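Engineer: Attaching a single structure in C-alpha coordinates format; questions to follow.
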Amino acid sequence: MKIFKKEDKMSSLVSANSNLLPVINRFGIQLGFKEKTIQDICKEKEVNPDFFLAIVNTYTDENYFPEEELLSFSPLLLIDYLKNTHNYYIGYALPKIERLLENIMANCGENYPSLKMISSFYQKYKTELLLHLKHEDEKEFPYIVELYKTRKLRPGQKSITEYENEHTDVEEKLSDLKNLLIKYVEPGYNHNDMNEFLQALFQFEKDLYDHARIEDAILIKQVSMLENELKPNEVR
Amino acid sequence: MEENVFIIHPSEIIRKGLAWILQEYFKMEITQLSAISDVNSFAAISNNLIITIIQKGASLPAETEERLRKNNQLFVVSLSASTDKEGLVEGYDYDLNVLASNLEIQKLIQVIRKSASKSKPIMADNGDLTQREKDVIRQIALGLSNKEMADKLNISIHTVISHRKNITEKLNIKSISGLTVYAIMNNLLDISDINPEELI
(Lines give C-alpha, C1' and ligand atoms only; values in the text may rest on other atoms or scores of the structure.)
Protein backbone atom coordinates (compact mmCIF):
# COMPACT_ATOMS: atom_id res chain seq x y z
CA MET A 1 0.00 0.00 0.00
CA LYS A 2 0.99 3.60 -0.60
CA ILE A 3 3.07 5.38 2.00
CA PHE A 4 1.72 8.87 2.72
CA LYS A 5 3.93 11.97 2.51
CA LYS A 6 3.61 15.49 3.89
CA GLU A 7 2.67 16.85 0.46
CA ASP A 8 -0.31 14.49 0.08
CA LYS A 9 -3.76 15.89 0.60
CA MET A 10 -5.36 15.02 3.89
CA SER A 11 -8.54 14.07 2.02
CA SER A 12 -6.65 11.43 -0.01
CA LEU A 13 -5.60 9.75 3.19
CA VAL A 14 -9.15 9.22 4.41
CA SER A 15 -10.35 8.24 0.94
CA ALA A 16 -7.65 5.58 0.77
CA ASN A 17 -8.36 4.14 4.20
CA SER A 18 -11.44 5.19 6.11
CA ASN A 19 -10.28 3.18 9.14
CA LEU A 20 -7.85 6.04 9.71
CA LEU A 21 -10.65 8.42 10.70
CA PRO A 22 -10.65 7.61 14.42
CA VAL A 23 -6.84 7.65 14.26
CA ILE A 24 -6.60 11.18 12.93
CA ASN A 25 -9.35 12.29 15.32
CA ARG A 26 -6.96 11.43 18.13
CA PHE A 27 -4.71 14.21 16.86
CA GLY A 28 -7.60 16.67 17.06
CA ILE A 29 -8.03 16.58 13.28
CA GLN A 30 -11.56 16.41 11.90
CA LEU A 31 -13.32 16.20 8.54
CA GLY A 32 -13.65 19.20 6.21
CA PHE A 33 -10.06 19.15 4.90
CA LYS A 34 -10.68 21.23 1.73
CA GLU A 35 -7.58 21.06 -0.50
CA LYS A 36 -5.12 21.21 2.37
CA THR A 37 -2.11 18.92 2.54
CA ILE A 38 -1.12 16.81 5.52
CA GLN A 39 1.64 19.35 6.21
CA ASP A 40 -0.84 22.29 6.20
CA ILE A 41 -3.28 20.67 8.57
CA CYS A 42 -0.60 19.43 10.96
CA LYS A 43 0.75 22.99 11.14
CA GLU A 44 -2.71 24.39 11.88
CA LYS A 45 -3.33 21.85 14.61
CA GLU A 46 0.22 22.05 15.98
CA VAL A 47 0.86 18.40 15.33
CA ASN A 48 4.36 17.15 14.56
CA PRO A 49 3.96 16.01 10.90
CA ASP A 50 6.68 13.35 11.15
CA PHE A 51 4.93 11.87 14.11
CA PHE A 52 1.57 12.04 12.39
CA LEU A 53 2.94 10.27 9.31
CA ALA A 54 4.72 7.63 11.36
CA ILE A 55 1.41 6.73 12.96
CA VAL A 56 -0.84 6.75 9.90
CA ASN A 57 1.70 4.89 7.80
CA THR A 58 2.14 2.22 10.45
CA TYR A 59 -1.62 1.73 10.37
CA THR A 60 -1.68 1.68 6.59
CA ASP A 61 1.22 -0.62 5.81
CA GLU A 62 2.09 -3.60 7.97
CA ASN A 63 5.70 -3.57 6.88
CA TYR A 64 6.25 0.12 7.31
CA PHE A 65 8.84 1.07 9.87
CA PRO A 66 9.44 4.79 10.45
CA GLU A 67 13.22 4.66 10.75
CA GLU A 68 13.92 8.21 9.60
CA GLU A 69 11.16 9.78 11.61
CA LEU A 70 11.98 7.72 14.65
CA LEU A 71 14.44 10.17 16.11
CA SER A 72 12.59 13.29 15.12
CA PHE A 73 9.89 13.15 17.74
CA SER A 74 9.70 12.39 21.41
CA PRO A 75 8.14 9.21 22.74
CA LEU A 76 6.18 11.49 25.05
CA LEU A 77 4.09 12.49 22.02
CA LEU A 78 3.52 8.86 21.32
CA ILE A 79 2.43 8.19 24.88
CA ASP A 80 -0.16 10.97 24.66
CA TYR A 81 -1.39 9.40 21.47
CA LEU A 82 -1.56 5.91 22.98
CA LYS A 83 -3.41 7.23 26.02
CA ASN A 84 -5.93 8.88 23.70
CA THR A 85 -6.38 5.55 22.00
CA HIS A 86 -6.99 3.84 25.33
CA ASN A 87 -9.64 6.44 26.13
CA TYR A 88 -11.25 5.80 22.77
CA TYR A 89 -11.44 2.08 23.57
CA ILE A 90 -12.78 2.61 27.07
CA GLY A 91 -15.13 5.46 26.23
CA TYR A 92 -16.38 4.48 22.81
CA ALA A 93 -15.35 1.13 21.32
CA LEU A 94 -16.11 -1.13 24.30
CA PRO A 95 -19.42 0.56 25.23
CA LYS A 96 -20.47 0.20 21.59
CA ILE A 97 -19.67 -3.52 21.56
CA GLU A 98 -21.54 -3.91 24.83
CA ARG A 99 -24.60 -2.13 23.48
CA LEU A 100 -24.67 -4.50 20.55
CA LEU A 101 -24.34 -7.51 22.84
CA GLU A 102 -27.16 -6.21 25.02
CA ASN A 103 -29.35 -5.94 21.92
CA ILE A 104 -28.72 -9.58 21.12
CA MET A 105 -29.48 -10.65 24.67
CA ALA A 106 -32.65 -8.57 24.79
CA ASN A 107 -34.00 -10.07 21.56
CA CYS A 108 -33.30 -13.73 22.24
CA GLY A 109 -35.38 -16.14 24.30
CA GLU A 110 -35.02 -16.63 28.05
CA ASN A 111 -33.59 -20.09 27.85
CA TYR A 112 -30.48 -19.59 25.81
CA PRO A 113 -27.49 -20.87 27.78
CA SER A 114 -24.98 -20.43 24.95
CA LEU A 115 -25.59 -16.72 24.68
CA LYS A 116 -25.43 -16.31 28.42
CA MET A 117 -22.03 -17.97 28.27
CA ILE A 118 -20.96 -15.72 25.42
CA SER A 119 -22.00 -12.73 27.49
CA SER A 120 -20.05 -13.89 30.55
CA PHE A 121 -17.08 -14.65 28.36
CA TYR A 122 -17.19 -11.16 26.91
CA GLN A 123 -17.22 -9.69 30.44
CA LYS A 124 -14.19 -11.82 31.26
CA TYR A 125 -12.41 -10.54 28.19
CA LYS A 126 -13.29 -6.95 28.97
CA THR A 127 -11.96 -7.20 32.53
CA GLU A 128 -8.72 -8.59 31.21
CA LEU A 129 -8.39 -5.89 28.57
CA LEU A 130 -9.10 -3.08 31.04
CA LEU A 131 -6.44 -4.52 33.34
CA HIS A 132 -4.00 -4.57 30.46
CA LEU A 133 -4.73 -0.94 29.57
CA LYS A 134 -4.46 0.06 33.22
CA HIS A 135 -1.08 -1.63 33.52
CA GLU A 136 0.18 0.44 30.61
CA ASP A 137 -1.40 3.70 31.77
CA GLU A 138 -0.31 3.41 35.38
CA LYS A 139 3.02 1.57 35.26
CA GLU A 140 4.59 1.40 31.83
CA PHE A 141 3.84 4.90 30.54
CA PRO A 142 4.85 6.72 33.75
CA TYR A 143 8.14 4.80 33.67
CA ILE A 144 8.82 5.99 30.14
CA VAL A 145 7.88 9.59 30.97
CA GLU A 146 10.23 9.56 33.94
CA LEU A 147 13.01 7.97 31.93
CA TYR A 148 12.84 10.76 29.35
CA LYS A 149 12.67 13.49 31.94
CA THR A 150 15.47 12.30 34.22
CA ARG A 151 17.47 10.40 31.60
CA LYS A 152 18.52 8.05 34.36
CA LEU A 153 17.91 4.39 34.98
CA ARG A 154 17.06 3.66 38.55
CA PRO A 155 18.93 0.69 40.03
CA GLY A 156 16.88 -2.46 39.68
CA GLN A 157 14.53 -0.70 37.29
CA LYS A 158 12.52 -3.00 35.02
CA SER A 159 13.27 -2.51 31.35
CA ILE A 160 10.55 -1.76 28.82
CA THR A 161 10.77 -5.32 27.48
CA GLU A 162 10.22 -6.66 30.98
CA TYR A 163 7.14 -4.47 31.33
CA GLU A 164 5.87 -5.75 28.02
CA ASN A 165 6.35 -9.36 29.06
CA GLU A 166 4.15 -8.84 32.09
CA HIS A 167 1.25 -8.31 29.74
CA THR A 168 -1.35 -10.95 29.32
CA ASP A 169 -2.20 -11.88 25.81
CA VAL A 170 -5.50 -10.10 25.32
CA GLU A 171 -5.81 -11.03 21.68
CA GLU A 172 -6.37 -14.67 22.54
CA LYS A 173 -9.77 -14.26 24.19
CA LEU A 174 -11.04 -11.88 21.52
CA SER A 175 -10.18 -14.39 18.82
CA ASP A 176 -11.82 -17.19 20.87
CA LEU A 177 -14.95 -15.08 21.23
CA LYS A 178 -15.19 -14.61 17.47
CA ASN A 179 -14.60 -18.29 16.77
CA LEU A 180 -17.19 -19.42 19.30
CA LEU A 181 -19.78 -17.23 17.64
CA ILE A 182 -18.88 -18.13 14.10
CA LYS A 183 -18.68 -21.85 14.69
CA TYR A 184 -20.97 -22.79 17.54
CA VAL A 185 -23.80 -20.35 18.14
CA GLU A 186 -27.26 -21.93 17.89
CA PRO A 187 -30.16 -20.43 15.96
CA GLY A 188 -32.61 -18.33 17.90
CA TYR A 189 -30.93 -14.92 17.82
CA ASN A 190 -31.62 -11.88 15.69
CA HIS A 191 -29.35 -11.98 12.61
CA ASN A 192 -28.89 -8.25 12.25
CA ASP A 193 -27.98 -7.78 15.91
CA MET A 194 -25.54 -10.67 15.75
CA ASN A 195 -23.93 -9.49 12.52
CA GLU A 196 -23.39 -6.02 13.89
CA PHE A 197 -21.86 -7.45 17.04
CA LEU A 198 -19.54 -9.74 15.14
CA GLN A 199 -18.50 -6.97 12.75
CA ALA A 200 -17.76 -4.69 15.69
CA LEU A 201 -15.56 -7.45 17.14
CA PHE A 202 -13.67 -7.78 13.86
CA GLN A 203 -13.15 -4.02 13.67
CA PHE A 204 -12.01 -3.87 17.28
CA GLU A 205 -9.58 -6.73 16.79
CA LYS A 206 -8.04 -4.92 13.83
CA ASP A 207 -7.79 -1.70 15.86
CA LEU A 208 -6.08 -3.46 18.73
CA TYR A 209 -3.73 -5.24 16.39
CA ASP A 210 -2.61 -1.97 14.78
CA HIS A 211 -2.38 -0.34 18.18
CA ALA A 212 -0.08 -3.13 19.39
CA ARG A 213 2.06 -2.76 16.27
CA ILE A 214 2.55 0.93 17.00
CA GLU A 215 3.65 0.09 20.50
CA ASP A 216 6.02 -2.62 19.31
CA ALA A 217 7.34 -0.95 16.17
CA ILE A 218 7.81 2.54 17.55
CA LEU A 219 7.50 2.94 21.30
CA ILE A 220 9.33 -0.17 22.48
CA LYS A 221 12.12 0.41 19.94
CA GLN A 222 12.55 4.06 20.92
CA VAL A 223 12.61 3.31 24.63
CA SER A 224 14.97 0.34 24.23
CA MET A 225 17.37 2.60 22.33
CA LEU A 226 17.36 5.12 25.13
CA GLU A 227 17.78 2.42 27.77
CA ASN A 228 20.83 1.11 25.96
CA GLU A 229 22.27 4.62 25.70
CA LEU A 230 21.85 5.17 29.41
CA LYS A 231 23.23 1.84 30.55
CA PRO A 232 26.98 2.51 30.12
CA ASN A 233 26.61 5.69 32.23
CA GLU A 234 25.30 3.53 35.04
CA VAL A 235 28.36 1.31 34.96
CA ARG A 236 30.80 4.16 35.12
CA MET B 1 -38.85 -32.87 27.08
CA GLU B 2 -41.81 -32.02 24.87
CA GLU B 3 -43.03 -34.43 22.26
CA ASN B 4 -43.91 -33.47 18.73
CA VAL B 5 -45.40 -35.87 16.26
CA PHE B 6 -45.52 -35.05 12.58
CA ILE B 7 -47.69 -37.13 10.33
CA ILE B 8 -46.73 -36.31 6.78
CA HIS B 9 -48.82 -38.08 4.20
CA PRO B 10 -50.77 -37.01 1.12
CA SER B 11 -53.77 -39.11 2.17
CA GLU B 12 -56.10 -37.30 4.52
CA ILE B 13 -57.68 -40.60 5.57
CA ILE B 14 -54.37 -41.92 6.74
CA ARG B 15 -53.33 -38.66 8.44
CA LYS B 16 -56.54 -38.29 10.36
CA GLY B 17 -56.82 -41.97 11.20
CA LEU B 18 -53.32 -42.22 12.56
CA ALA B 19 -53.67 -38.95 14.46
CA TRP B 20 -56.89 -40.20 16.01
CA ILE B 21 -55.28 -43.45 17.17
CA LEU B 22 -52.26 -41.67 18.62
CA GLN B 23 -54.37 -39.09 20.40
CA GLU B 24 -56.53 -41.78 21.89
CA TYR B 25 -53.65 -43.44 23.66
CA PHE B 26 -51.04 -40.74 24.11
CA LYS B 27 -51.32 -37.10 24.85
CA MET B 28 -49.12 -35.86 22.10
CA GLU B 29 -48.98 -32.76 20.03
CA ILE B 30 -49.68 -33.91 16.53
CA THR B 31 -49.09 -31.90 13.40
CA GLN B 32 -50.55 -33.20 10.17
CA LEU B 33 -48.88 -32.15 6.94
CA SER B 34 -49.82 -33.14 3.42
CA ALA B 35 -46.53 -32.17 1.76
CA ILE B 36 -43.07 -33.04 3.00
CA SER B 37 -41.67 -29.60 2.29
CA ASP B 38 -44.10 -28.12 4.84
CA VAL B 39 -41.91 -29.56 7.57
CA ASN B 40 -39.30 -26.92 6.75
CA SER B 41 -41.34 -24.39 8.74
CA PHE B 42 -40.61 -26.43 11.86
CA ALA B 43 -36.85 -26.69 11.40
CA ALA B 44 -36.16 -24.36 14.33
CA ILE B 45 -37.63 -26.67 16.98
CA SER B 46 -35.07 -27.66 19.57
CA ASN B 47 -34.76 -29.81 22.67
CA ASN B 48 -37.82 -31.90 21.85
CA LEU B 49 -38.57 -35.50 21.11
CA ILE B 50 -39.75 -35.46 17.51
CA ILE B 51 -41.39 -38.37 15.80
CA THR B 52 -42.08 -37.97 12.11
CA ILE B 53 -44.19 -40.53 10.34
CA ILE B 54 -43.76 -40.32 6.59
CA GLN B 55 -44.74 -42.31 3.55
CA LYS B 56 -42.32 -45.11 2.89
CA GLY B 57 -39.92 -44.15 0.13
CA ALA B 58 -40.13 -40.45 0.98
CA SER B 59 -37.56 -38.66 3.09
CA LEU B 60 -37.37 -35.37 4.96
CA PRO B 61 -35.65 -32.41 3.26
CA ALA B 62 -31.97 -33.07 4.03
CA GLU B 63 -31.19 -29.70 5.56
CA THR B 64 -34.22 -29.72 7.83
CA GLU B 65 -33.60 -33.28 8.90
CA GLU B 66 -30.01 -32.47 9.77
CA ARG B 67 -31.03 -29.45 11.80
CA LEU B 68 -33.82 -31.26 13.64
CA ARG B 69 -31.53 -34.17 14.36
CA LYS B 70 -28.84 -31.89 15.69
CA ASN B 71 -31.09 -30.01 18.11
CA ASN B 72 -33.59 -32.71 19.04
CA GLN B 73 -34.07 -36.40 19.42
CA LEU B 74 -35.50 -37.16 16.03
CA PHE B 75 -37.06 -40.46 15.00
CA VAL B 76 -38.22 -41.05 11.47
CA VAL B 77 -40.85 -43.72 11.01
CA SER B 78 -41.77 -45.03 7.57
CA LEU B 79 -45.39 -45.82 6.85
CA SER B 80 -45.91 -48.35 4.10
CA ALA B 81 -49.20 -48.88 2.40
CA SER B 82 -48.71 -52.58 1.75
CA THR B 83 -48.36 -55.49 4.10
CA ASP B 84 -45.08 -56.65 2.66
CA LYS B 85 -42.61 -57.71 5.31
CA GLU B 86 -39.47 -56.23 3.84
CA GLY B 87 -38.80 -54.68 7.24
CA LEU B 88 -36.84 -51.60 8.10
CA VAL B 89 -35.34 -49.75 5.17
CA GLU B 90 -32.24 -47.57 5.45
CA GLY B 91 -33.00 -43.94 6.22
CA TYR B 92 -35.72 -44.71 8.77
CA ASP B 93 -35.50 -45.45 12.45
CA TYR B 94 -38.69 -47.53 12.63
CA ASP B 95 -41.31 -48.85 10.26
CA LEU B 96 -45.06 -49.07 10.41
CA ASN B 97 -47.70 -50.16 7.94
CA VAL B 98 -51.28 -49.12 7.40
CA LEU B 99 -52.61 -52.43 8.64
CA ALA B 100 -50.86 -52.15 11.99
CA SER B 101 -53.15 -52.68 14.95
CA ASN B 102 -53.71 -50.14 17.68
CA LEU B 103 -51.54 -52.27 19.89
CA GLU B 104 -48.65 -52.28 17.42
CA ILE B 105 -48.84 -48.50 17.14
CA GLN B 106 -48.84 -48.08 20.90
CA LYS B 107 -45.87 -50.40 21.19
CA LEU B 108 -43.94 -48.42 18.64
CA ILE B 109 -44.47 -45.15 20.53
CA GLN B 110 -43.39 -46.79 23.76
CA VAL B 111 -40.25 -48.15 22.13
CA ILE B 112 -39.42 -44.71 20.79
CA ARG B 113 -40.01 -43.03 24.14
CA LYS B 114 -37.84 -45.58 25.86
CA SER B 115 -35.04 -45.14 23.37
CA ALA B 116 -35.28 -41.35 23.73
CA SER B 117 -35.00 -41.46 27.52
CA LYS B 118 -32.07 -43.85 27.32
CA SER B 119 -29.91 -41.80 25.03
CA LYS B 120 -28.12 -38.90 26.63
CA PRO B 121 -29.48 -35.39 26.51
CA ILE B 122 -28.90 -34.00 23.09
CA MET B 123 -25.32 -34.13 21.99
CA ALA B 124 -24.72 -31.62 19.29
CA ASP B 125 -22.17 -32.19 16.59
CA ASN B 126 -18.74 -31.82 18.13
CA GLY B 127 -16.73 -31.63 14.97
CA ASP B 128 -13.85 -33.99 14.84
CA LEU B 129 -13.17 -34.25 18.55
CA THR B 130 -12.59 -37.76 19.84
CA GLN B 131 -14.40 -39.03 22.91
CA ARG B 132 -11.18 -38.64 24.89
CA GLU B 133 -10.75 -35.05 23.78
CA LYS B 134 -14.32 -34.33 24.87
CA ASP B 135 -13.51 -35.84 28.28
CA VAL B 136 -10.49 -33.58 28.53
CA ILE B 137 -12.45 -30.44 27.57
CA ARG B 138 -15.04 -31.27 30.21
CA GLN B 139 -12.32 -31.49 32.86
CA ILE B 140 -10.65 -28.29 31.65
CA ALA B 141 -13.99 -26.53 31.95
CA LEU B 142 -14.44 -27.84 35.46
CA GLY B 143 -11.12 -26.24 36.34
CA LEU B 144 -8.92 -29.30 36.78
CA SER B 145 -5.16 -29.04 36.41
CA ASN B 146 -3.27 -31.28 34.00
CA LYS B 147 -2.15 -33.47 36.91
CA GLU B 148 -5.68 -33.84 38.28
CA MET B 149 -6.99 -34.64 34.81
CA ALA B 150 -4.33 -37.28 34.26
CA ASP B 151 -5.27 -38.97 37.55
CA LYS B 152 -8.97 -38.79 36.90
CA LEU B 153 -8.84 -40.07 33.34
CA ASN B 154 -6.07 -42.59 34.07
CA ILE B 155 -3.72 -41.22 31.46
CA SER B 156 -0.27 -39.63 31.68
CA ILE B 157 0.22 -35.86 31.98
CA HIS B 158 2.03 -36.05 28.68
CA THR B 159 -1.11 -37.46 27.06
CA VAL B 160 -3.26 -34.77 28.67
CA ILE B 161 -0.99 -32.08 27.24
CA SER B 162 -1.07 -33.65 23.80
CA HIS B 163 -4.88 -33.83 23.93
CA ARG B 164 -5.00 -30.15 24.87
CA LYS B 165 -2.75 -29.25 21.99
CA ASN B 166 -4.92 -31.19 19.54
CA ILE B 167 -8.10 -29.64 20.92
CA THR B 168 -6.76 -26.12 20.49
CA GLU B 169 -5.64 -26.90 16.96
CA LYS B 170 -8.95 -28.45 15.98
CA LEU B 171 -11.20 -25.81 17.49
CA ASN B 172 -8.93 -22.78 17.22
CA ILE B 173 -9.93 -21.85 20.77
CA LYS B 174 -7.01 -21.19 23.06
CA SER B 175 -8.15 -19.77 26.38
CA ILE B 176 -9.47 -21.95 29.18
CA SER B 177 -12.59 -19.81 29.52
CA GLY B 178 -13.12 -20.07 25.76
CA LEU B 179 -13.01 -23.87 26.00
CA THR B 180 -15.47 -23.75 28.89
CA VAL B 181 -17.90 -21.76 26.77
CA TYR B 182 -17.35 -24.28 23.97
CA ALA B 183 -18.20 -27.16 26.31
CA ILE B 184 -21.49 -25.53 27.30
CA MET B 185 -22.42 -24.53 23.77
CA ASN B 186 -21.84 -28.08 22.58
CA ASN B 187 -23.62 -29.81 25.44
CA LEU B 188 -20.50 -31.41 26.90
CA LEU B 189 -21.43 -29.74 30.16
CA ASP B 190 -24.52 -28.18 31.57
CA ILE B 191 -24.45 -24.52 32.49
CA SER B 192 -25.38 -25.52 36.03
CA ASP B 193 -22.09 -27.44 36.37
CA ILE B 194 -20.09 -24.25 36.40
CA ASN B 195 -20.52 -20.75 37.69
CA PRO B 196 -20.67 -18.53 34.61
CA GLU B 197 -19.69 -15.51 36.67
CA GLU B 198 -16.41 -17.19 37.47
CA LEU B 199 -15.17 -18.21 34.07
CA ILE B 200 -11.52 -18.93 34.54
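The values are calculated or read from the model by the stated rules, or taken from the named source; none is laboratory data. This is a predicted model, so every value here is computed, not measured. All Cβ positions, even for glycine, are placed from backbone atoms using ideal geometry, and neighbour counts span all protein chains on display. The accessibility values were calculated without ligands, DNA or RNA, using every heavy atom of the protein model including side chains. Shrake-Rupley method; radii C 1.70, N 1.55, O 1.52, S 1.80 Å.
Engineer: Roughly what % of Cα-Cα distances in chain A sit above 26 Å, to the whole percent?
Structural biologist: Across chain A, Cα pairs with separations above 26 Å total 48 percent.
Engineer: To the nearest 20 Debye, how big is the dipole of region A:23-107 about its Cα centre, given +1 on the beta carbon of each Lys and Arg and -1 on that of each Asp and Glu?
Structural biologist: Once rounded to the nearest 20, the dipole reads 460 debye.
Engineer: Oh, and also: Using a 1.4 Å probe on protein heavy atoms, which residues of region A:162-188 have at least 20 Å² less accessible area in the complex than alone?
Structural biologist: Flagged in region A:162-188: A:E172, A:K173, A:D176, A:N179, A:L180, A:K183, A:Y184, A:E186, A:P187.
Engineer: Just report the Cα centroid separation between region A:107-122 and region B:89-118, whole Å.
Structural biologist: Value for the Cα centre distance between the two parts: 37 Å.
Engineer: Within a 10 angstrom radius of each residue's Cβ in A:111-120, how many Cβ atoms of other chains show up on average? Whole number is fine.
Structural biologist: Taking all residues of A:111-120 together, the mean is 5.
Engineer: In sequence order, what are the phi-derived ³J(HN,Hα) couplings for region A:29-42 according to the Karplus relation 6.51 cos²θ - 1.76 cosθ + 1.60 with θ = phi - 60°, rounded to whole Hz, with x for glycine and proline?
Structural biologist: Using θ = phi - 60°, the values come out as 9, 10, 4, x, 7, 6, 9, 5, 8, 4, 4, 4, 5, 4 Hz.
Engineer: Okay, moving on. So what is Rg over Rh here for chain B, counting just Cα atoms and using Kirkwood for Rh?
Structural biologist: Over the Cα atoms of chain B, Rg/Rh equals 1.11.
Engineer: Another question, if that's okay. Toward the positive end of the charge dipole of the protein assembly as shown, about the Cα centre and with charges on Cβ (Lys, Arg +1; Asp, Glu -1), which of A:L230, A:N63, B:I112 goes farthest?
Structural biologist: Comparing the listed Cα positions along the dipole, B:I112 ranks first.
Engineer: Where only protein heavy atoms count, and the probe is 1.4 Å, what is the accessible area per residue for chain B in Å²?
Structural biologist: Here the per-residue accessible area is 54 Å².
Engineer: Using only the Cα atoms of region A:10-70, build the gyration tensor, take square roots of its eigenvalues as a ≥ b ≥ c, and label the shape rounded, prolate or oblate: rounded if a/c is under 1.5, else prolate if a/b is larger than b/c, else oblate.
Structural biologist: Oblate is the answer for region A:10-70, as a/c is 1.5 or above yet b/c matches or exceeds a/b.
Engineer: Between their Cα atoms, which of A:K45/A:K139; A:K206/B:K165; A:K173/B:K170; A:K183/B:K174; A:K43/A:K221 are more than 18 Å away from each other?
Structural biologist: As for pairs spanning more than 18 Å Cα to Cα, those are A:K45/A:K139; A:K206/B:K165; A:K43/A:K221.
Engineer: Under 1.5 on a/c is rounded, so check that first for region B:129-200, then, if it is not, pick prolate when a/b is larger than b/c and oblate when it is not; a ≥ b ≥ c are the square roots of the alpha carbon gyration tensor eigenvalues.
Structural biologist: It is prolate, given that a/c is not under 1.5 and a/b is the larger ratio.
Engineer: Let me ask another. Can you give the direction-averaged projected area of the convex hull of the alpha-carbon atoms in region A:1-105, in nm²?
Structural biologist: 7.8
Engineer: Turning to a different aspect of this structure: Over region A:10-70, average the accessible area per residue using a 1.4 Å probe and give it in Å², no decimals.
Structural biologist: 50
Engineer: Moving on. Once you charge only the Cβ atoms, +1 for Lys and Arg and -1 for Asp and Glu, what is the size of the charge dipole of region A:72-195 about its Cα centre, to the nearest 20 debye?
Structural biologist: Using only the charged Cβ atoms, the result is roughly 360 debye.
Engineer: If you don't mind, there's one more thing I want to ask. Compute the accessible area per residue over region A:75-235, keeping the other protein chains in place, probe 1.4 Å, unit Å².
Structural biologist: Per-residue accessible area for region A:75-235 comes out at 50 Å².
Engineer: Further question: Through the Karplus equation 6.51 cos²θ - 1.76 cosθ + 1.60, θ set to phi - 60°, convert the phi angles of region A:125-136 into ³J(HN,Hα) values in whole Hz; use x for Gly and Pro.
Structural biologist: Values, residue by residue: 4, 4, 4, 5, 5, 4, 5, 4, 5, 5, 4, 5 Hz.
Engineer: In terms of the Cα gyration tensor, with a ≥ b ≥ c the square roots of its eigenvalues, is region B:2-118 rounded because a/c is under 1.5, prolate because a/b exceeds b/c, or oblate?
Structural biologist: Rounded is the answer for region B:2-118, as its axis ratio a/c remains below 1.5.
Engineer: What lysines does B:K16 reach when the alpha-carbon gap must be under 22 Å and sequence neighbours fewer than 8 apart in one chain are set aside?
Structural biologist: B:K27, B:K56, B:K107
Engineer: Mean residue ellipticity at 222 nm from the helices of chain A, using -39,500 (n - 2.57) per DSSP H segment of n ≥ 4 over the full residue count, to the nearest 500 deg cm²/dmol?
Structural biologist: The per-residue figure over chain A is -20500 deg cm²/dmol.
Engineer: Rg/Rh for region A:76-195: what does it come to with C-alpha atoms and Rh from Kirkwood?
Structural biologist: 1.13
Engineer: Rounded to the nearest 20 Debye, what is the dipole magnitude of region A:81-154 about its Cα centre when Lys and Arg each give +1 and Asp and Glu each give -1 at the C-beta?
Structural biologist: 400
Engineer: Same structure again: Let me check against my output: what whole-number percent is the relative contact order of chain A, with C-alpha pairs under 8 Å and at least 6 apart?
Structural biologist: For chain A, the relative contact order is 23 percent.
Engineer: If you don't mind, there's one more thing I want to ask. Ignoring ligands, DNA and RNA, what percent of the accessible area of the protein assembly as shown is carbon or sulfur (1.4 Å)?
Structural biologist: The nonpolar share, carbon plus sulfur, comes to 50 percent.
Engineer: To continue, here is another question. Please report the buried accessible area for the interface of B with A, total over both chains, probe 1.4 Å, in Å² to the nearest 100.
Structural biologist: Summed over both sides, the interface buries about 1700 Å².
Engineer: Plugging the Kirkwood radius over Cα pairs into Stokes-Einstein for the protein assembly as shown, at a temperature of 37 °C and a viscosity of 0.692 mPa s, what D comes out in µm²/s?
Structural biologist: 122
Engineer: Once you list every other residue whose beta carbon is under 10 Å from the beta carbon of B:L49, what net charge do they have if Lys and Arg are +1 and Asp and Glu are -1?
Structural biologist: Within the 10 Å Cβ shell, the charges total -1.
Engineer: Quick one: 3J(HN,Hα) in Hz for region A:50-57, Karplus 6.51/-1.76/1.60 with θ = phi - 60°, rounded, Gly and Pro as x.
Structural biologist: 5, 5, 4, 5, 4, 5, 5, 6
Engineer: How high is the relative contact order of region A:10-70, in percent, with contacts defined as C-alpha pairs under 8 Å that are six or more residues apart?
Structural biologist: Over region A:10-70, the number comes to 29 percent.
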